[in-house]
Structures are given as structure tokens and as C-alpha cells.
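K.L.:
One structure, as C-alpha cells, below. Some questions next.
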Ligand SMILES: Cc1cc2nc3c(=O)[nH]c(=O)nc-3n(C[C@H](O)[C@H](O)[C@H](O)COP(=O)(O)OP(=O)(O)OC[C@H]3O[C@@H](n4cnc5c(N)ncnc54)[C@H](O)[C@@H]3O)c2cc1C
Ligand code: SF4
């Protein structure tokens, strides 16, 4: 079986490694329109701030592809896939055959604002090349504007702030991190950013980006020397246009990560997931761990060993200045029959912890300021375990794994 | 392959393991000198109390470990030679993705240097410090087969 993978990132590399462990000999080819070896896109803000050097963003050694016997076609864009012929066309004109194809092309930046033509100080930050350009521009600039107050926007804003720039963040909604925080957490976070010298403008709409600043729809003008946009992503699916591969908000795949076509699989940010916590919500869940896991599941199935993806749920973790925060599962639950318990709230100390329940199941959690042992809660959410017997303990400050240990869990490490 | 097993029910909560872990991960590796080190050496094993039980917990070195999948910097890695989940503090950026996903809650944070810390199973020692220090045999460093034998033996006795 000839395996071809489009995308040399979290999902693609994870799939290739999995295939190689199962099958020592079948050819594997990874195609990427980027020239760099496998690096971490999630480290882009740290690369911009200087916390991570270019070398540090690389996730494998120089000899990785050779050792794993993986062919690489880097700097080559896939223009089109021809499922009928099991081939694909590169923009260089070359045609490649595949036995099984994995589309792990990720998601690109969504640019949904009007921009003056020809301006050179507008950026997105999805590739390391983008990041290099941002970094260079930051050397010359005094004021930067970031469009987008989601996780990536805020990460980029904090990175530019650490370089000494005067940074303004523009958010469409009233609260920061509108999808993963509630208004209490969002307010604390605003204080964290403002306290560190970042201007935060929320509930605003951008009407135009020009070379010397950003015009808002209410008439305000935010003067700036550079503008970075990080307001949402859209899956990279152009190469599938005109094919019969089913597309919704992203590529639709089954639990084996297979599309509706026999030989085509998909994994990572490019996939439209169904929120396994319920509600049937379909969404793009652009997070690193999910891309790695879907890549592994796809790779395993491509190599003939059946495995199922356990399901997608939102989660993210980040530290802004001195404040760490973690958000897991469904935290915004308007219209659902959920209830919530605030475990801790101390505005001054910037601590906030909240759990969200649907009857006796945990559906979501917010940890701000205090995040230790968050993973124990994440796992309870993932397992959708009946928490009625431990609910009281769950809310106590010292809650940890010891509290939920009922039966030996990992088969390898307990005796009773 | 030897692993750390926890004999739940034997732990009396004396925290000898925690102390031994701190000393082992101190610069001086000596109890009295370690106490005056700054920052104070940190422990990677945690005695937890819950539901009348006491449980000493440290990294389970999971296979297909969630923390390794979640790590965005490549600091958390599976070492196929030792079968351990190893953490490289030089690479860690302190995003705490691992803290978010570790189901056992055994990844700590060094807040000042902003790096994660966890059990390295004392890879330089024959027997991990916590196991050596445990006076009740609640921590065992042995193989799965041996543990099974022990467990079955106990079950038979209990009949
Ligand atoms: C700035 C930033 C910060 C982030 N921070 C975090 C974080 O803290 N935590 C977290 O969990 N996630 C974070 N993420 C998200 C995380 O990086 C992604 O979820 C992850 O990279 C997805 O991996 P992937 O393999 O699905 O796709 P991608 O990493 O997007 O890789 C897809 C690759 O395919 C290539 N490609 C696309 N189309 C073609 C084509 N036609 N031909 C050839 N090649 C093609 C692309 O160029 C790209 O190299 C962050 C992302 C960004 C941009
Ligand atoms: S740190 Fe936690 S998730 Fe990672 S290997 Fe250890 S027990 Fe498993």
C-alpha cells in the first residue's frame, strides 16, 4: 500500500509515525507546501517573543524522515486530488499516485476584514514564515494592533507586548476569549492584559485596515505601525473542490477518520468534528492534541489496524503573563439544562474556578490562576463518569486523583 | 520491565516518599543541605487522601501518554529505550497543556522558571528514591508478573 499524506504537521507526522510502526515497508510520502521540517505551529507566539528559537520549534531531528524511511516533497503544494484515478496534482505539474491518502492540511487564517491593497504591514500568523515576517516588522514598529481576542490573538498580543511594543487588541465580543471563558473569567483576564500595558477594545468591529492603522465601524481609529490578524480559521480544503469528498464546516470523517471515499482519510484542524459532549454541535476544534490523536487513528486504520477516535471536545491551556488558564469542554451553556458551581473566586488574586454539570455528569470546567490537577477533571469530563458519589469531594480544594480512585485504573500499575 | 506499583491500602500517609523525592531531586542530594536550598527542591510524588484511603501517586509513564500528545513544544517525550515519559525542561515553554490532560494530576509547575516537572522515575538509580524510602511497602518497584503473583497469592489467602 502506497501511503500519501498532505501536511507535515501535528496530524500528518503522527499518522506517518503510526503507519511506520505497523508497517515497516510500505512507501510513505509526506507532501507540504512549507519548506521547513516538522515544527510546532503552536509555538509561533513563543518564536515571535524570542522565548523559542527557530531550532526550538523543530519537533524532530534532521535525520527523522530518513530514519523512518519517509519520502518528503516539501515546498510542493497539492492543487487537486483526483479520487477516481487515485492521484493528485502538485502545483509544479507533477502527478502523484496514492493507495491511501491522508488530508492533514490544517486550517488557514480567516481574513474577514477589508484591507487597503498593497499594504506591507498586515500579517497573519499561521506559519513560521508568517512569524518571521511579524518578528521583523516588530523590530521597526512602535505600535501593533491585533485583530482577534481569542486564544491565538491574545497569545500574539502578549508576545508583541513582551517585545516592548504598544499593543492594542480588538475583540468582536464584549469578553476576552469569548468561546472558552465566561464573563467573570474574561474580566479578570482583561485586568491581566491591561495591567501589563495592553490596550483592550472589545465589542468592536473592524471596518478597514490601512497602512497606518485600523478603522473601526464606530468611527474610532486605532493608529498602528503593524496589524496582525488572528480571528478564526478556515480549513484548507481547496484541493478537494469538485470531488465527492463530503465537506461541511471542514472535512467530514467517520470515527476511523475515513471520509466518505474509501481511500481518503482526514485528520487534524481540517476535520469537522462533532462535540462528543453532546448537543450534536459540529465544529472545527483546532487544537494540537486532537490533531496528534486523529493522525494516529487515521494512520492506524490506513495501515490496516482498526482503531476508533474517541471523540472531540474543546480544551485549551495557556499562560498569559503570570496567569495560567485552562478551559475544558462546554463552558458556555445558554439554552442547555446545565448548572454550574463556582469553586473559587478571588478577583484580587486573579483566581477563578468553575465546574459545569449536566445532572451528574461533568460537562466543562474553567480554571484561572489555579490550575493544578486540572487533568483529573478533564478526564472526568472525557469519561462522562457519573460523579454523583464524589460530587462533594469534587468541589473541595484538595480534590485530586486519590478522591476518585475506586478500582485499579491503569492495568499496569496498581495492586489492590 | 520494572515499574512502580502502588499497593493501595498499605500507605499510612507518612510522606517519606515525598521527602525522599525532594532530596533525590535536590542539588546536594542530602537531606539537611537540601532543606536550605533555594528554591526548595520539589517533589514529584504526591500522597493524596481521599475516601479514607491514602494513595502515593507519581507519573504512571503511560503508553500513548496524553501529556506527550498534548505537548506543543516537544518537551514531553516517550523514550522508547527506557519506556519512560521524559520531560526536557530546556524545551518546555510552560503552556501547561500537560497539566490540563494528565488524568492522574501528577505534573507540577515550577512557577518561577515556568516549566513543568514530573517524576523521572529516578532513571539514574537502581530503585526509585520513593520506593526505597517507603517503610510500609506501599510502593514497589517490580515487574507486572511479580505483582500479579503477589496479588493472586493474597486473593488465595483471603479465601
Ligand atoms: C499561533 C498559533 C498558536 C497556537 N497555540 C496552540 C496552543 O497553545 N494549544 C493548542 O492545542 N493548539 C494551538 N494552536 C493550534 C495548533 O497549532 C493546531 O491545532 C495544529 O497545528 C494542527 O495541526 P494539523 O496537522 O491539523 O495542521 P497544521 O498544523 O495547520 O498543518 C497543516 C500543514 O499542511 C500544509 N498544507 C495545507 N494545504 C496544503 C496543500 N494544498 N498542499 C501541501 N501542503 C498543504 C500547511 O501549509 C501546513 O504546513 C495554535 C496555532 C497557532 C497558529
Ligand atoms: S505525566 Fe500523567 S499523562 Fe503523562 S505519562 Fe505521567 S501519568 Fe501519564
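K.L.:
Looking only at chain A, where both bridge partners belong to it, what percent of the DSSP beta bridges are antiparallel (to the nearest 5)? Each step should come with its number before you reach the end.
P.N.:
On the way: 47 of 83 bridges.
Bridges in chain A that DSSP calls antiparallel: roughly 55 percent.
K.L.:
Take peptides A:226-236, B:110-120 and line them up by average Cβ neighbours within 10 Å, highest first, as a rough protection proxy.
P.N.:
Top of the packing list down: A:226-236, B:110-120.
K.L.:
Distance from a point 7 Å along Cα→Cβ of residue A:212 to each backbone N in segment A:221-253: keep the residues under 18 Å and list them by number.
P.N.:
Output list for this probe position: A:221-227.
K.L.:
Pulled fully out, how much extra length does the chain show between residue A:119 and residue A:87, if you take 0.36 nm times their separation in residues and subtract their Cα-Cα distance? Can you show the working numbers first?
P.N.:
Values: separation 32, 0.36 × 32 = 11.52 nm, distance 3.84 nm.
7.7 nm is the gain from fully extending residue A:119 to residue A:87.
K.L.:
Another question, if that's okay. What FRET efficiency would be calculated for the residue pair residue B:113, residue A:184, taking the C-beta separation as r and a Förster radius of 25 Å, to the nearest 0.05?
P.N.:
Once the sixth-power term is evaluated, E becomes 0.25.
K.L.:
Continuing with this model, one more query. For A:278-290, what's the mean count of beta carbons from other chains sitting within 10 Å of each residue's beta carbon?
P.N.:
2
K.L.:
Given R₀ = 22 Å, FRET efficiency for residue A:345-residue A:395 by Cβ-Cβ distance, to 0.05?
P.N.:
Efficiency computed from Cβ-Cβ geometry: 0.95.
K.L.:
On C-alpha positions alone, give me the angle between the axis of helix B:144-158 and the longest principal axis of chain B, in degrees, nearest 10.
P.N.:
40 degrees
K.L.:
Next question. Over the Cα atoms of chain A, what Rg and Dmax result, in angstrom?
P.N.:
22.5, 69
K.L.:
For segment A:221-314, what class follows from the C-alpha gyration tensor (a ≥ b ≥ c being the square roots of its eigenvalues): rounded when a/c is under 1.5, otherwise prolate if a/b is larger than b/c, else oblate?
P.N.:
Prolate is the answer for segment A:221-314, as a/c is 1.5 or above and a/b outweighs b/c.
K.L.:
So if I average 1/r over every pair of distinct C-alpha atoms in segment B:1-141 and take the inverse, what Kirkwood radius in Å does that give?
P.N.:
15.6 Å
K.L.:
Two decimals is fine: what is log10 I(q)/I(0) at q = 0.10 Å⁻¹ for segment A:263-416, from a Debye sum with one equal scatterer on every Cα and no solvent?
P.N.:
-0.43
K.L.:
Over segment A:281-416, what relative contact order in percent results from Cα pairs under 8 Å that are six or more residues apart? Write out the running numbers ahead of the final one.
P.N.:
Details: 172 pairs, mean separation 21.3, N = 136.
The value is 16 percent.
K.L.:
Give the average, rounded to an integer, of partner chain Cβ atoms located within 10 angstrom of each Cβ in B:65-76.
P.N.:
So the per-residue partner count for this stretch is 6.
K.L.:
So how compact is segment A:316-367: Cα radius of gyration and Dmax in angstrom?
P.N.:
Looking at segment A:316-367, its Cα Rg and Dmax stand at 12.0, 36 Å.
K.L.:
Could I ask something else about it? Sort segment B:67-122 into rounded, prolate or oblate with this rule: let a ≥ b ≥ c be the square roots of the eigenvalues of the Cα gyration tensor; rounded if a/c is under 1.5, and if a/c is not under 1.5, prolate when a/b is larger than b/c, oblate otherwise. Let's see the in-between values first.
P.N.:
Numbers: a/c = 1.45, a/b = 1.37, b/c = 1.06.
In terms of gyration-tensor shape, rounded.
K.L.:
Further question: Can you give the relative contact order of segment A:197-296 as a percent, counting alpha carbon pairs under 8 Å and 6+ residues apart? Walk me through the numbers on the way to the answer.
P.N.:
Details: 127 pairs, mean separation 14.9, N = 100.
It comes to 15 percent, rounded to a whole number.
K.L.:
In whole angstrom, how far apart do the alpha carbon centroids of segment A:97-169 and segment A:340-385 sit?
P.N.:
Distance between centres, Cα-based: 31 Å.
K.L.:
Among A:371-377, A:385-391, A:168-174, how do they line up from the highest to the lowest mean number of other beta-carbon atoms within 10 Å?
P.N.:
Values: A:371-377: 22.9, A:385-391: 15.0, A:168-174: 20.6.
In descending order of packing, they fall as A:371-377, A:168-174, A:385-391.
K.L.:
Another one. From the square roots a ≥ b ≥ c of the eigenvalues of the alpha-carbon gyration tensor of segment A:25-88, which class results: rounded (a/c under 1.5), prolate (a/b over b/c), or oblate?
P.N.:
oblate
K.L.:
Follow-up. Determine, at each q value in 0.11, 0.12, 0.15, 0.18 (inverse angstroms), the log₁₀ of I(q)/I(0) that the Debye formula gives when each Cα of segment A:54-157 is one equal point scatterer.
P.N.:
-0.58, -0.68, -0.94, -1.11
K.L.:
Would you mind computing, in nm to one decimal, how far apart the modelled labels at residue B:1 and residue A:36 are, each placed 7 Å from Cα along Cα→Cβ?
P.N.:
According to this spin-label approximation, the distance is 3.2 nm.
K.L.:
Let me ask something else. Per residue of A:59-65, what is the mean number of Cβ atoms on other protein chains within 10 angstrom of that residue's Cβ?
P.N.:
Taking all residues of A:59-65 together, the mean is 1.
K.L.:
Evaluate the relative contact order of segment A:232-274 (contact order divided by residue number), counting alpha-carbon pairs under 8 angstrom at least 6 apart; express in whole percent.
P.N.:
Reported as a whole number, the value is 38 percent.
K.L.:
Follow-up. Order the peptides A:314-323, A:239-248 from the highest to the lowest mean number of other Cβ atoms within 10 Å of their residues.
P.N.:
Working: A:314-323: 20.5, A:239-248: 15.8.
Top of the packing list down: A:314-323, A:239-248.
K.L.:
What is the Cα convex hull volume of segment A:209-252 when expressed per residue in Å³?
P.N.:
123 Å³
K.L.:
Could you tell me the calculated FRET efficiency between residue B:156 and residue B:53, based on Cβ-Cβ distance and R0 = 41 angstrom, to the nearest 0.05?
P.N.:
Step by step, r from the Cβ atoms, then E = 0.95.
Every number in this text was worked out from the coordinates using simple rules, so none of it is lab data. What you see is a predicted model; the values in this text were computed from it and never measured. Cβ atoms come from the backbone with ideal geometry, glycine included; neighbour counts cover every protein chain shown.
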